Amino acid sequence: MKIIFPELSSNQIAKESIKQFKDIEFIPAESLKQAAAMLETDDVNSMISGLDYSSRDVLLTYKHFVPLKSPYFSSCFICQKGNKIFALADGGVNKLPSKEHLYTIIEDTTKTFQTYTNHQPKIALLSYSTHGSGGKNPDLIKYQFCLDQIKANHPDWIIDGELQLDAAINPIVANKKAPNSPLKGNANILITPDLNSGNILYKSLEQFGGFTIAGPIIQGFQIPLADLSRGSTINDTVLTIKVLRSLL
């Protein structure tokens, strides 16, 4: 198993993060351009970058040099603290996804989460509103489309929305606000309607909530990829590698 890690020669976090992965060969590169050339060969399985590069530069590299397998590409974060683990999307790539794009985000994020955790997916479509309590909202049209498509194509997945965050993850609040929700306040996959809310939520979990954050994991390409935040810690990077390894 070979993973390109361009910052490996120069970044201390990268050097420390790979020490426990004896089953993976990490390959450094002098630049994203050199790493991209390696991606075009069949000799590598994945790539992780972002500690010293902007998300824009990393994503453009992936977009130009790795073929898609899904209709769209997207990102998700795996957020872990003790026994608590969530997937969150899309907080890293798509500013305002269409209903079709949002469906692909939900589908690919759920598959990433299932592969890494082997947990039953419980998907919450997040909003400022719970089951219409906030009135009409353009996001609800997209959410209804996604609800219908997921229920038709993946009947074993549990999904509900729109839900406020507390009604999605807190059983006591869920019993008050959404007593008929199949999630019952136990969501483990959180879907946000846009990049603004997704990015703010993941950084809140990291900075205020003490969660270790993997990713963003970049989904939809023919190989698993990751774009670390330039603020990623060793623990974040280690978790990111663990998720990538599970996807290989």
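The values are calculated or read from the model by the stated rules, or taken from the named source; none is laboratory data. Owing to the predicted nature of the structure, the values given are computational and were not obtained by experimental measurement. No Cβ is skipped: glycine too gets one built from the backbone with ideal geometry, and neighbour counts run over all protein chains shown.
Right, E16: touching a helix residue (DSSP H, G or I) at 6+ places or on another chain (Cβ under 8 Å) and surrounded by fewer than 16 Cβ atoms within 10 Å (Cβ to Cβ) or not? Here the answer is yes, as E16 does meet what is asked. In the set T240, T233, T192, which member is assigned by TED's automatic domain parsing to the domain that holds D43 and crowded, with 21+ Cβ neighbours inside 10 Å? Answer to the selection: T240.
If the condition is being charged (D, E, K, R) and surrounded by 19 or more Cβ atoms within 10 Å (Cβ to Cβ), then the range 58-102 contributes only D90.
Limited to the range 27-57, what total is found for residues that are over 18 Å from the mean Cα position of the chain (by Cα) and surrounded by 18 or more Cβ atoms within 10 Å (Cβ to Cβ)? Matching residues across the range 27-57 total 6.
If you filter the range 154-179 down to residues that are free of Cβ contacts under 8 Å to residues at least 40 places away in the same chain and part of a loop (DSSP other than H, G, I, E, B), you find that the one that is farthest from the chain's Cα centre (by Cα) is P179. When the residues of the range 108-119 are filtered to those that are assigned to a helix (DSSP H, G or I) and more than 11 Å from the chain's Cα centre (by Cα), the one that is surrounded by the most Cβ atoms within 10 Å (Cβ to Cβ) is Y116.
Pairs are defined by a Cβ separation below 8 Å, a sequence spacing of at least 6 or placement on different chains, a first member in the range 7-20 that is among the hydroxyl-bearing types (S, T, Y), and a second member that is in a loop (DSSP other than H, G, I, E, B) and surrounded by 12 or more Cβ atoms within 10 Å (Cβ to Cβ); the pairs so defined are S9/P28; S10/D52.
Residue check: I200 meets all listed conditions (1) surrounded by fewer than 21 Cβ atoms within 10 Å (Cβ to Cβ); (2) hydrophobic (A, V, I, L, M, F, W, C); (3) touching a helix residue (DSSP H, G or I) at 6+ places or on another chain (Cβ under 6 Å) but one, namely (3). Counted as qualifying within the range 1-81 are the strands (runs of 3 or more DSSP E) with 3 or more residues that are assigned by TED's automatic domain parsing to the domain that holds K242 and of a type outside the set (V, I, T), namely 46-49.
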